[in-house]
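This report concerns only the one structure given below.
The values are calculated or read from the model by the stated rules, or taken from the named source; none is laboratory data. All values derive from a computational prediction rather than experimental measurement. Note: ideal-geometry Cβ built from the backbone for every residue, glycine included; neighbour counts use all protein chains shown. Side chains included, ligands, DNA and RNA excluded: accessible areas come from the protein's heavy atoms. Shrake-Rupley method; radii C 1.70, N 1.55, O 1.52, S 1.80 Å.
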Amino acid sequence: NRYYGNKILPMRESSDGVLGAAVRAVHVEDAPSLGTAANKTNRVEAETLVAAVVDCIQDPAYEGKSMGVVSLVGNAQGQLITNMLREELGYERFMERSMRVGRPTDFQGDERDVIFISVVADDGSYAATDVRNARRLNVAASRARDQLWVFHSMDPEVLHPNDHRRALIEYAQ
């Protein structure tokens, strides 16, 4: 609702309801807000997200659904998730779902039926309040046709009130 003058419809207007809630927030308990500043990964958040993707793939309701994973911080989290997914699923099953893992810019002009976002946010010392961050978050959140999952390991309240990551988490909640 913060983008395009409240006129964007981020997902299909009608759904068969088989997948459940169209938007889901997953708070990853007992995970560090950011793994290490050097590589910007959060292993616990990645493991939780990968487990959810695997569960969805095993659920008949998700049969034939394309899937994507968007990491909001750099390439390292996306590479970690890619490696974990390929290990869990195998290359063939990974490709069957038209699986794509990357940053928001990697999804520009592309959609998937189900999108999983890894926020990988820090302790609130950085505020993602500028227009560039608004665009990145908009691309990430608007790539889902049927369902959007938002994985985060911090309470949104630790983020700046105008932080776009906070708005995304609170919307998903």
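Some observations on this one:
- Where a residue in segment 68-88 is of a type in the set (D, E) and its partner, wherever it lies, is at pLDDT below 95, with Cβ under 9 Å and at least six apart: E88/F94
- Residue under evaluation F94, criteria (1) at pLDDT below 90; (2) under 15 Å from the mean Cα position of the chain (by Cα), criterion not met: (2)
- Checked against the criterion of being surrounded by fewer than 22 Cβ atoms within 10 Å (Cβ to Cβ), modelled with pLDDT of 90 or more, within 18 Å of R24 (Cβ to Cβ) and among the charged types (D, E, K, R), segment 137-148 has at least one qualifying residue.
- Pairs where the first residue, in segment 133-160, is more than 9 Å from I115 (Cα to Cα) and the second is open to solvent by less than 10 Å² (accessible area, probe 1.4 Å) and hydroxyl-bearing (S, T, Y), C-beta under 6 Å, 6+ apart: F151/S118
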